[in-house]
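Structure, as structure tokens:
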Amino acid sequence: MKKDLLLFLFFLLFSFFPRVNGIAANVPLPADPPAAAKSSEKISPKTDKNLVVFASDMHLIKKVELRVGKKGEKGIHQRYYTKMQPGEWLIEYDTKENLRLFIQKMLAMNPRPAAVLFLGDIASDTDQEIYSIYRSLLKPLADAGIPYWNIPGNHDHFDNYYSIFPEERKKSIVPVEKWGAYRVELPAVDFVLMETFAPKKGDRNGSFDRFFKQKERDFYKKYPNYYVYEGWFTPEQHQWLKEQLQKNPAKPIFLCGHHPMQMEFVFPEHDQFPNFQGWICGHYHTFYQIVREGSNRSIVLPGLGVPGIGWNLDPPGYVIMKMEPNQYRFQYCTLNPSEPQNGRTFIFPILNRSGERK
């Protein structure tokens, strides 16, 4: 009896010991240390309040084509190649895919930008469906908490755009029926976005209205050797810009729109406002700077949807603007990072209250 009891106790005790020789022990594992637990958590990227991304000329279309156009045939976009016959071109691009890739790159940034500013020509097909597609493509930005602003360009249909983005009417700091306008305020600098081809109420579907055409004729009479970059400010916009620049005279401010502008003619008062830092725009699908003197300087953006046309073949891309202690750094990021233009940079010194370099 005593022997049987001892054997029973022995087997009972044995069952509480870990098994060996590769067989898992029936013993609870110790908890992971706090540091290990923290390292496994997903850390959200931070936001850099001195970082802004600009994109322009998305030119979204519903049907993608890539074929040789016949002589005289007009496509939504025309990209010229030296190996083609005169008058031939390749038509279109997968512009929706380019925008998807751009959004992926924005979500992968760490730190993320404080704002993404789209400067016009959102679509080339201009019905409500394409703007609905655009909104769905931007949804990951909104879900990630990355704020973005849009301004229409000469290819856009305003009523169809605002029907899909009704909140943009509320965000605009002037009634949209006049012209859409937004002020983006960051700690180091502000950006004012506005329409740039002087649309009139009831005459908003053409590239340029009668007001601009008359101004263009007046310009060439006075300056026959100059070139107007297809954009304009109405007298009402003119006055409004002055008010925006006077709102906080010590705060640097960039003006932004779709078209390149000649400030010495379109807005000659710019040099009266030492906080005015320059003009940022798209339209030509190419990345370059225009610097005349003082604050009369511009940055022109590459096309995000399609490359440069005709004389210029800058590949699709966008621009990262970094506010540094004494300068603004504008860097071209091609969607395909192997392009030789990737990383091209222009630097604007920060202008102080006297209009000189800081």
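The values are calculated or read from the model by the stated rules, or taken from the named source; none is laboratory data. Since the model is a prediction, treat every value here as computed from it, not as a measurement. Cβ atoms come from the backbone with ideal geometry, glycine included; neighbour counts cover every protein chain shown. Areas reflect the complete protein model, heavy atoms only, side chains present, ligands, DNA and RNA absent. Shrake-Rupley method; radii C 1.70, N 1.55, O 1.52, S 1.80 Å.
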Item to check | Under 5 Å, built H, 5+ apart or other chain: amide partners of residue 350 | outcome: 327, 328, 358
Checklist outcome for this item: For 111-121, 261-271, ranked highest to lowest by mean beta-carbon neighbours within 10 Å, the order is 111-121, 261-271
Item to check | Peptides ranked, highest mean first, by Cβ atoms within 10 Å: ranges 96-103, 299-306, 314-321 | outcome: 299-306, 314-321, 96-103
Item to check | Local net charge near residue 330, Cβ-Cβ under 10 Å (Lys/Arg +1, Asp/Glu -1) | outcome: +3
Next on the checklist: Keeping all protein chains in place and using 1.4 angstrom, which order do 155, 285 fall into by accessible surface area, from largest down?
Outcome noted: 155, 285
Next on the checklist: Just to verify a number: FRET efficiency for residue 288 and residue 46, C-beta to C-beta distance, R0 = 22 Å, to 0.05?
Outcome noted: 0.10
Checklist entry - Given the pairs 170/247; 105/247; 221/251; 139/251, which are separated by over 28 angstrom at their Cα positions? => result 105/247; 221/251; 139/251
